[in-house]
1. Quote the relative contact order of region 11-116 in percent (integer), defining contacts as alpha-carbon pairs under 8 Å separated by 6+ residues.
2. Sort out for me the Cα centre separation of region 312-350 from region 79-107, rounded to whole Å.
3. Evaluate the charge dipole of the chain about its Cα centre and quote only its size in Debye, nearest 20, assuming +1 on the Cβ of each Lys and Arg and -1 on the Cβ of each Asp and Glu.
4. From the helices alone, meaning DSSP H stretches of at least four residues, give me the mean residue ellipticity at 222 nm for the chain, per-run term -39500 (n - 2.57), in deg cm²/dmol to the nearest 500.
5. Please report the relative contact order for region 151-244, taking Cα pairs under 8 Å with a sequence separation of at least 6, and give it as a percent rounded to a whole number.
6. Mind checking which of P262, A77, V89 is farthest towards the positive end of the chain's charge dipole, using Cβ charges of +1 (Lys, Arg) and -1 (Asp, Glu) about the Cα centre?
7. Would you mind checking the tilt of helix 11-20 against the longest principal axis of the Cα atoms of the chain, expressed as 0 to 90 degrees and rounded to 10?
8. What fraction of the DSSP beta bridges in the chain is antiparallel, stated in percent and rounded to the nearest 5?
Amino acid sequence: MSLPAHIPARESDLAERWAAGIPGPLRLEDGRALRVIFPGTPAGGSGPDFTGAILEADGDLLRGDVELHLAASGWRAHGHARDPAYAAVVLHAVLENDDAAALTAHASGRLIPVLVLPPPVSFPPPFTPPCTIAAANGREPGPALDRLGLRRLRIKAGRADHLVRAGGSGQALYALLLETLGGPANREPFAVIARTLPLGPLLELAAGSDAPRAFAVSAHLKGRAANLVLRRAGLRPMASPGRRLEAAGAVLARLWPAGAPPGWPASLPPGGDEAPLRTAGMGRALALECMVNAVLPVALAAEEWPVPEVERAFLALRSPGTYGRLKALERWLGAGGARVFPGAARLQGGLLLHADYCSRGMCGRCPLSGG
Ligand code: SF4
């Protein structure tokens, strides 16, 4: 196997990297997000490379050993599959997954998740970024994050605009709600459902059913999803496509009750928060995601709410929780002790900052560099 020059060619180099800590976000080959709580202790002899590691995979705690290989096929080539010493391995970390399998099998029956280690990155930079110094000197990052957050909302509204033009504000809202509920795993098939079973016909079908409205709506959505390829592997039960379509049925039935036309819902008056979206299967974080990705962009694009009402509601929304990719930024900007992402708007601003500046090596030229 020939490896790019920037990644180590020896397993001992790989072990050094693992011991020093691999910057996240990390994602297992089966789709779960991985967090390394403790990388384990170098074993220094025969058996797995590290013992006693503590990991978290999408909320599941994994405790055990870690085995490292340059290529995943090394597991079989080295005879680990039948070696009892490797029965407690909970992570197989590799540079290249040449087996293309999401899980590595051990003869004990254990299926071990595979992690392809990202190449070493120059970000976060190996120095204190200027934003940390600026924050420590009392420069408050909040106003700049608010401005960036509002810019990101306008970008989302721009994307919603073509849906509004094609099908009106109700259809656009329905489509973006479904996409948000699909999440990264099933965004595209959920968008297909919205395109092939538009809101108007869906409401007519539900009206013709004797079943409770939420159940009837989700049953028709599931029926349309039956022929689509949906990803289920590696998802938490609450994020499975079936549960998300049930959540969609509940929220759509709330927004468009019996007899309501398929336009902008009366239950979403200007300036409101996520409360109308809090239905069965819709936790607070998911409802906030739906506000940020669906309700507010469509309200802005379709002019269903006055612009100041959209902005006021956005700036008042609580945070659904800091995303993994923003943890380092949160640490740097929080040097002065301030809570960096108290609300959804600043979190969105952080995402734009990260995408447009931090991950492009723009330290010194970003809006938070100071000077
Ligand atoms: S780009 Fe700006 S905000 Fe990002 S790490 Fe560098 S100085 Fe900080």
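Since every read-out is calculated from the coordinates, none of them should be taken as a lab result. Owing to the predicted nature of the structure, the values given are computational and were not obtained by experimental measurement. Cβ sites come from the backbone with ideal geometry, for glycine too, and all protein chains shown count toward neighbours.
1. 23 percent.
2. 38 Å
3. Value, rounded to 20: 620 debye.
4. Result for the chain, helices only: -13500 deg cm²/dmol.
5. For region 151-244, the relative contact order is 21 percent.
6. P262
7. That works out to roughly 50 degrees.
8. Bridges in the chain that DSSP calls antiparallel: roughly 65 percent.
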